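Input: a single structure, listed below in structure tokens.
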Amino acid sequence: MIHFAPFRFDEVDLTLWRGQEPLALTRKAAHLLTCLLSAHGHWMSKADILSAVWPDTHVHPDNIKVLVREIRLALHDDAGNPRYIRSEAGRGYAFIAETTDRPQGACDESDPPLFVNRAGELAALVEAFDAARAGSTRVVLITGELGIGKTALCDTFLRVARATARVNTASAEGISHPVADRLLPWLDVLRACCRSAPSLPAALAVEAPAWFARVGRGAFANTNAADTLALVTQLPAALAALTEDMPLILGLDDLQWADAATLTAIADVARHARMSKCLVIGTASLHGPARDPLALAALDAVLRKTSSSFVLGLTSWTALQVERYLDARFGPGCLTDLAQTLNDVTGGNPAMLALAADRLVACGVICGQGNLWLREARAHVVQELLPRALLDVVCVQFDRLTLEERRLLEAASVTGMDFTSSGAALAADVAERDADRMLHRLADRRLVIRRTGETGSSRSIRADAFRFLHPMHLELLAQRAPMTQQIRSARRLAAVTSERARQEA
């Protein structure tokens, strides 16, 4: 192993690692990295690299640039300010980071977090950024359940973008506030751009005077309907002015809390024909409360119909993806045989899975020794420990339920692991239509329940049949439900069962 914090490179297997995470690297790129490391900081000419990586084969020298770019992406290295690979015309390439054959200290807190299972979505963002750099405005909306990985995907993409190009970035959040100014998230990102580049306000004054006038005013100044219309209309021109010299990535987070004008402006940017080197990335949770649900749904519909923009809907991980995460974090085989159980408990939610893994570490089920993780107990012992170790995980899931959803599930727990929407409605004494709507919404989010027979994206033939994700959910719901509620639910179910038996007799 050759170590260069926070990475290590296996010269035998030609694999690159960051902690317990294997990093994607083609064999040719790995051979090139081997050459650079073996040069011990000295320059390697293009001719030397070609003869070492492509012996007895004639290839174009530009192939070296492609492989160097691939390595830099894996290392999050910036060609303009390199930490690992330096290039110089006429001299070639040199690996400049300090290396050792011994493990170095743990990664510091600024190191990128573990990122797995979202390679396709990351590639879609990179492709959108390439289009924006070429002068075609792109708008991407990333949607998904709380904890599904929207922020992790955006953070990883920004690191990749900054490592591959000179780019300006700015971000803002949707604000759920009754007196918040219209278009406040847009105002925040444009102000951030103007602070980072003092020459931009002058460009705004010419191309988008309404925005130039607003940038210097207070955050909660009143904006009337006429002013709002002018701002929305001039927004594409403002983005074109801001991106004249350098591409721009704007992040607008938690758009479920944004005002209608902000969402309308995003849709207008997606539809507008004017070109700019701007990529707008918004995140939103389409489940649960929103400041303006109709405007959010309208934005979602517009982006799905606009060819230059799109919606990335992040879904829960499958058992196979959970296994991949566990292997990447703790090493192959450490928790692999528990992947299905952990998927059942967490519903495949990445944040819940990370919390579950943390709890297993805290409980001593697995222990770290240097760069290795070892499990201290056999699978059947771990299964017995899970209810205690993962109690916090299940409680966090319950905290995300509304009062109506929790009462419905508490009533449904009287019937056991499997239940129907009609049975749950009867036990909870609510309308069957309302119960069916709530249960399908929870099953779509893989929150506490799933459809019976559902694995991955497949669905049960019977649409009104559901099952708790794990016996822990059933047990804890039964414990939490008031005794009087359980008695009433059981009596209602018993009365219906008795009446059906009487009629059949």
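FYI, it's all coordinate maths here, none of it is from the lab. Keep in mind the model is a prediction, meaning the values are calculated, not measured. All Cβ positions, glycine included, derive from the backbone under ideal geometry; neighbour counts span all protein chains shown.
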By count of other Cβ within 10 Å, fewest leading, how are 308, 199 ordered? 199, 308
P(r), alpha carbons of the stretch 119-313 - 10 Å bins starting at zero, rounded %: 9, 39, 39, 12, 0
Distance (nanometres) between label positions extended 7 Å along Cα→Cβ at residue 38 and residue 96: 2.4 nm
From the P(r) of the stretch 320-416, could you give the percentage of C-alpha pairs in the tail past 16 Å? 58 percent
Net charge dipole size for the stretch 2-95 [Lys, Arg +1 and Asp, Glu -1 on Cβ; Debye, nearest 20]: 200 debye
Cα-based helix-to-principal-axis angle, 225-242 vs the chain, degrees rounded to 10: 40 degrees
Normalised per residue, the volume inside the convex hull of the alpha-carbon atoms of the chain in Å³ amounts to 198 Å³
Amide H proximity to residue 313 below 5 Å, modelled H, separation 5+ or other chain, gives 143
So the angle from the long Cα axis of helix 483-504 to the longest Cα principal axis of the chain, reported in degrees to the nearest 10, equals 60 degrees
Quick one: 492, 91, 118, 138, fewest Cβ neighbours within 10 Å first, how do they rank? 91, 492, 118, 138
What base-10 log of the normalised intensity I(q)/I(0) is obtained for the stretch 2-95 from the Debye formula, alpha carbons as equal point scatterers, at q = 0.16, 0.19, 0.22, 0.25 Å⁻¹? -0.61, -0.88, -1.20, -1.54
In debye, nearest 20: dipole of the stretch 273-368 around its Cα centre with unit charges on the Cβ of K, R (+) and D, E (-)? 580 debye
So how strong a dipole does the chain carry about its Cα centre when Lys and Arg Cβ are +1 and Asp and Glu Cβ are -1, to the nearest 20 debye? 600 debye
If you average the sequence gap of Cα pairs under 8 Å that are 6 or more apart and divide by the length of the chain, what percent do you get for the contact order? 12 percent
Consider a paramagnetic label point 7 Å from the Cα of residue 429 along Cα→Cβ; state which residues of the stretch 473-491 have an amide N under 14 Å from it. 482-491
Figure the gain on full extension for residue 114 and residue 192 (residue separation times 0.36 nm, minus the Cα-Cα span) and round it to one decimal in nm. 25.2 nm
Please give the length that would be gained between residue 480 and residue 422 if that part of the chain were fully extended, namely 0.36 nm times their separation in residues minus their C-alpha to C-alpha distance (nm, one decimal). 18.7 nm
In degrees, nearest ten, helix 62-75 long axis to first principal axis of the chain (Cα): 50 degrees
Would you give the gap between the C-alpha center of the stretch 1-21 and the C-alpha center of the stretch 158-172, rounded to a whole Å? 26 Å
Post the alpha-carbon centroid distance, the stretch 194-217 to the stretch 242-318, in whole angstrom. 23 Å
Extending each Cα 7 Å along its Cβ direction at residue 159 and residue 173, get the distance between those two points in nm, one decimal. 2.2 nm
Can you tell me the order of 25-38, 147-160, 61-74 when each peptide is scored by its average per-residue count of other Cβ atoms within 10 angstrom, highest first? 147-160, 25-38, 61-74
Dipole check, the chain, charges on Cβ (K,R +1; D,E -1), about Cα centroid: among 341, 326, 308 the Cα furthest to the positive pole belongs to 308
Projected onto the charge dipole of the chain (unit charges on the beta-carbon of Lys, Arg, Asp and Glu, signs +1, +1, -1, -1), the Cα from 6, 97, 297 with the largest positive-side position is that of 297
Pull out the extension gain between residue 87 and residue 488, defined as 0.36 nm times the separation in residues minus the alpha carbon to alpha carbon distance; nm, one decimal. 136.8 nm
Excluding residues fewer than 8 positions from residue 28 in its own chain, the lysines with Cα under 22 Å of it are 46, 65
Starting from the 7 Å offset along Cα-to-Cβ, what nm value, one decimal, do you get for the label separation of residue 11 and residue 31? 1.8 nm
